[in-house]
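Asks: Mind having a look at this structure? Questions to follow.
The values are calculated or read from the model by the stated rules, or taken from the named source; none is laboratory data. This structure is a prediction, so every number in the text was calculated from the model and none was measured. Ideal geometry is used to build each Cβ from the backbone, glycine not excepted, and the neighbour counts take in all protein chains shown.
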2 protein chains.
Amino acid sequence: MQTLTVELGERSYPILIGSGLARSPEVLARHVPHRDVLLVTNTVVAPLYADALEQALLGGARSADGADGAGSTGGAGSAGGDGRGPMARRVVRVVLPDGEQYKTLATAQRVFDALIANRYGRDALVLALGGGVVGDLAGFVAACYQRGIDFVQMPTTLMAHVDSAVGGKTAVNHPGGKNLIGAFHQPRAVIADIELLRTLPDRELSAGLAEVIKYGLIRDAAFFSWIEQHMDALLVREPTALAHAIGRSCEIKAAIVGRDERESGERALLNLGHTFGHAIESATGYVGWLHGEAVAVGLLIAADLARRLGRVDVALVERLRTLLARARLPVQAPPIGAARALEYMQIDKKVQSRRVRLVLPAGLGDATVCADYPDAVLADTLAAWFGAVPGSTAPSARTAS
Amino acid sequence: MQTLTVELGERSYPILIGSGLARSPEVLARHVPHRDVLLVTNTVVAPLYADALEQALLGGARSADGADGAGSTGGAGSAGGDGRGPMARRVVRVVLPDGEQYKTLATAQRVFDALIANRYGRDALVLALGGGVVGDLAGFVAACYQRGIDFVQMPTTLMAHVDSAVGGKTAVNHPGGKNLIGAFHQPRAVIADIELLRTLPDRELSAGLAEVIKYGLIRDAAFFSWIEQHMDALLVREPTALAHAIGRSCEIKAAIVGRDERESGERALLNLGHTFGHAIESATGYVGWLHGEAVAVGLLIAADLARRLGRVDVALVERLRTLLARARLPVQAPPIGAARALEYMQIDKKVQSRRVRLVLPAGLGDATVCADYPDAVLADTLAAWFGAVPGSTAPSARTAS
């Protein structure tokens, strides 16, 4: 097991990376010592992992004392915690529908309802078992319930392992844009169990690789080369390759978050490709495109814009395109039209003083925030990728599913 | 004008107390230097003050360039700001229905919608013009919109002047309990314009006095005596008396918040009377009882429980009852039944490890958090105030209106 630390003073927390962590009563007793646990997961993940996790949380023992919330399961049992001996633990489960389109205030309301129906207090903990949608939404609820209770991230997708579970950004979407309603709320711990990735669909694995590639692109040319050399191993989920990709990605993210938790500067670099990607996701209604797929195309658009601005050469763009394609990620944008793409970019959170600030590559392993690009170059880039008018480019093979 | 400071390091902010602040372009240009302002108010306050405030925000000039959001009014004009010369300012107004029953996630959604419809970015500001409901809800939206944007409190009730506008607690209610969904988010400034209290209904003035009396009770016996001596002047809104009551209340609150922003200790004392009061508000569906009225009865119940525990003598209870009655506040609880009252108290945020922690007086100007009271004494107290079974006490004259 590898342990990294996100250094945030009194809010510092560990990222545990290893196999079998989610079924270890010892790991859970140490990092989830709370008596009242709300397990938030979704309809895909619950049948795979929720029972085993609940058993581990309850230390193997169960009693007949079930929880009293509607639509929840639970029980009291004993788990050793911090040497305080057996403790009565209550685990209530909330199972959400699967998909980015459910990352809404209305779904969050359901989680609030479960906390309140079960009389959970400020000393309760929210345990997010799932991908980015579950983690972002459960984290937002934990941030707001009684003005903030503890939560732990247990990611089940590569995307969540390397990105969304780390760093304390929580949010839900609004029809007008992604992640527009949210909070900064750091977890108590991130428990990244690589075993949970065994059942991940190939397409989701690829989506996570988009973020892994992003870390190499913004900060670490050697890591980028390592990804190129190990792409085949990553695609067959070779455990040591996965562990290294996750560990190095988390190291880079943790270091940046530790220096700039609230994104007043450097943290913005982590958004490379995301402003374009969010426009794709918003324009397609959060269905059809996975976040990582949209980010993959966004990375390419950012690299192409950087090339047009003379910041990088065409070889970097092609090297990136090749690597994304090898990761089985889309390399073409949907034909939503440049005007609509710009519209969605303008409501994205990176806007300041009504001007879109873009993160752009400045070379392999280097990126900067840029707001002084000529509008015409951005317009040309958007037209080339999204079409001058909606529907005017060849449709991507991945725009709908 | 009196200026106090809430000392919170880089998040420190001023409380300005004076007359005419809300119509002063200079005060507004200094404390609301933002180009994009969302003015959140309600149907009662808007006709009284919103037009003048908007004029002052726009520096007196208006153009024909209105805002584009549904249900909003606005315009661009020029206002001097920080010596940067005239600036184009956009003010969009959101008018909410009046009343605690509208302090919900659904109403918050309307404010989010307005921010997004108008393409407001991270550099926008939310200006809350209203009482506690408007301030709490608008502050919560500011806390969550794009994970936190600036906001300024401009309270229009005495309750908001002395309590809810200061300290950064923001929230909405849930049918299961009050303020259960919220965030700590400090304002940039509190602009407490005493002129705005001229139109306050008498009943609302009294409600605010409940919190003023609370400050004396928990922290300052001399201030409690001053309130006794100046109650008549306060009831006729004598400006210097009001200014002193507001100033001293804010001083006490600001000092406590500065030492314990997140209520890990001392700040809990500010909740004296509130756990009982929240039970009254929840049981009556947030209608019929003003928050301050419920707090007034809550203060008396807390004092009575403290007397039963031998913490204070009966003279203190009677002195408090007399002062509350002189402030035209209720001194009897509604007959909701002890069991129901306890049920609502248990979902209140002050619960830890399933035990209700209560703030109780320990003498005039002194209070402490208490969790080791005998359950039977609490039960007797609740039965005496709320009735052993619902409806079993004489109904209070103020339970419905």
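Asks: Of all residues in region A:136-156 being among the aromatic types (Phe, Trp, Tyr) and within 14 Å of another protein chain (Cβ to nearest Cβ), which is nearest to the chain's Cα centre (by Cα)? Before you say what the answer is, go through the steps one by one.
Replies: To start, the set of residues in region A:136-156 that are among the aromatic types (Phe, Trp, Tyr) comprises A:140, A:145, A:151.
Those left that are additionally within 14 Å of another protein chain (Cβ to nearest Cβ): A:140, A:145.
Working: A:Phe140: 13, A:Tyr145: 21 Å.
Among them, the one singled out is A:Phe140.
Asks: Surrounded by 24 or more Cβ atoms within 10 Å (Cβ to Cβ), assigned to a helix (DSSP H, G or I), touching a Lys or Arg at 6+ places or on another chain (Cβ under 6 Å) and away from chain A (no Cβ under 14 Å): is that true of B:Val133 in this structure? Steps first, answer last, please.
Replies: On the way: surrounded by 24 or more Cβ atoms within 10 Å (Cβ to Cβ): yes; assigned to a helix (DSSP H, G or I): yes; touching a Lys or Arg at 6+ places or on another chain (Cβ under 6 Å): yes; away from chain A (no Cβ under 14 Å): yes.
So B:Val133 passes the test.
Asks: Here's another thing I want to ask about it. For region B:102-124, name all the residues that are facing chain A (nearest Cβ under 9 Å) and basic (Lys, Arg).
Replies: Selection gives B:Arg119, B:Arg122.
Asks: Another one. Residues in region B:238-254: is at least one more than 29 Å from B:Leu8 (Cα to Cα) and part of a helix (DSSP H, G or I)?
Replies: Keep residues of region B:238-254 that are more than 29 Å from B:Leu8 (Cα to Cα), which gives B:238-239.
Filter once more, keeping what is part of a helix (DSSP H, G or I): B:239.
Within region B:238-254, one or more residues are more than 29 Å from B:Leu8 (Cα to Cα) and part of a helix (DSSP H, G or I).
Asks: Which residue pairs have Cβ atoms under 9 Å apart, sit 6 or more places apart or on different chains, and have a first residue in region A:309-320 that is within 21 Å of A:Ala376 (Cβ to Cβ) and a second that is of a type in the set (Ser, Thr, Tyr) and part of a loop (DSSP other than H, G, I, E, B)?
Replies: A:Leu309/A:Tyr373
Asks: Does B:Val356 satisfy being within 24 Å of the chain's Cα centre (by Cα) and either modelled with pLDDT under 95 or basic (Lys, Arg) (or both)? Steps first, please.
Replies: Values: within 24 Å of the chain's Cα centre (by Cα): yes; either modelled with pLDDT under 95 or basic (Lys, Arg) (or both): yes.
When the stated conditions are applied, B:Val356 passes them.
Asks: Here's a follow-up. So is A:Pro239 surrounded by fewer than 19 Cβ atoms within 10 Å (Cβ to Cβ) and either without any contact (Cβ under 8 Å) to a residue 12 or more places away in the chain or of a type in the set (Lys, Arg) (or both) or not?
Replies: Working: surrounded by fewer than 19 Cβ atoms within 10 Å (Cβ to Cβ): yes; either without any contact (Cβ under 8 Å) to a residue 12 or more places away in the chain or of a type in the set (Lys, Arg) (or both): no.
For A:Pro239, the condition - surrounded by fewer than 19 Cβ atoms within 10 Å (Cβ to Cβ) and either without any contact (Cβ under 8 Å) to a residue 12 or more places away in the chain or of a type in the set (Lys, Arg) (or both) - is not met.
Asks: Here is a further query. With respect to B:Ala371, is the statement that it is of a type in the set (A, V, I, L, M), modelled with pLDDT under 95 and not assigned by TED's automatic domain parsing to the domain that holds B:Ile256 true?
Replies: On the way: of a type in the set (A, V, I, L, M): yes; modelled with pLDDT under 95: yes; not assigned by TED's automatic domain parsing to the domain that holds B:Ile256: no.
Spelling it out, it is not the case that B:Ala371 is of a type in the set (A, V, I, L, M), modelled with pLDDT under 95 and not assigned by TED's automatic domain parsing to the domain that holds B:Ile256.
Asks: If I go through region A:157-192 residue by residue, how many of them are more than 14 Å from every other protein chain (Cβ to nearest Cβ) and either assigned to a strand (DSSP E or B) or of a type outside the set (Ser, Thr, Tyr) (or both)?
Replies: Count: 14.
Asks: Give the residue, chosen from B:Ala294, B:Ala302, B:Ala315, that is under 18 Å from B:Glu343 (Cβ atoms), of a type in the set (A, V, I, L, M, F, W, C) and in a helix (DSSP H, G or I). Please lay out each step first, then the result.
Replies: Numbers: B:Ala302 fails: under 18 Å from B:Glu343 (Cβ atoms); B:Ala315 fails: under 18 Å from B:Glu343 (Cβ atoms).
Only one candidate passes the filter, namely B:Ala294.
Asks: Residues A:Val141, A:Val190, A:Val152: which one is within 30 Å of B:Ala117 (Cβ to Cβ), out of contact with any Asp or Glu (no Cβ under 9 Å at 6 or more places or on another chain), buried (at least 24 other Cβ atoms within 10 Å of the Cβ) and modelled with pLDDT of 95 or more?
Replies: Values: A:Val190 fails: within 30 Å of B:Ala117 (Cβ to Cβ); A:Val152 fails: within 30 Å of B:Ala117 (Cβ to Cβ).
A:Val141 is the lone residue from the list that is within 30 Å of B:Ala117 (Cβ to Cβ), out of contact with any Asp or Glu (no Cβ under 9 Å at 6 or more places or on another chain), buried (at least 24 other Cβ atoms within 10 Å of the Cβ) and modelled with pLDDT of 95 or more.
Asks: Would you check which residues across region A:104-130 are in a helix (DSSP H, G or I), of a type outside the set (A, V, I, L, M, F, W, C) and touching a residue at least 40 places away in the same chain (Cβ under 8 Å) and list them? Step through it out loud before you land on a result.
Replies: The initial filter retains those residues of region A:104-130 that are in a helix (DSSP H, G or I), namely A:105-117.
If we keep only those that are of a type outside the set (A, V, I, L, M, F, W, C) as well, we get A:107, A:109-110, A:113.
Answer for region A:104-130, where residues must be in a helix (DSSP H, G or I), of a type outside the set (A, V, I, L, M, F, W, C) and touching a residue at least 40 places away in the same chain (Cβ under 8 Å): just A:Thr107.
Asks: If you don't mind, there's one more thing I want to ask. For region B:133-173, name all the residues that are free of Cβ contacts under 8 Å to residues at least 40 places away in the same chain and of a type outside the set (Gly, Ala, Ser).
Replies: B:Cys144, B:Tyr145, B:Gln146, B:Arg147, B:Ile149, B:Phe151, B:Gln153, B:Lys169, B:Thr170, listed by residue number.
Asks: Please go through region B:84-103 and pick out each residue that is under 26 Å from B:Glu26 (Cβ atoms) and either part of a loop (DSSP other than H, G, I, E, B) or not small (Gly, Ala, Ser) (or both). Outline the logic, then answer.
Replies: Our first condition is that a residue be under 26 Å from B:Glu26 (Cβ atoms); within region B:84-103, this holds for B:84-94.
Those that are under 26 Å from B:Glu26 (Cβ atoms) and either part of a loop (DSSP other than H, G, I, E, B) or not small (Gly, Ala, Ser) (or both): B:Arg84, B:Gly85, B:Pro86, B:Met87, B:Arg89, B:Arg90, B:Val91, B:Val92, B:Arg93, B:Val94.
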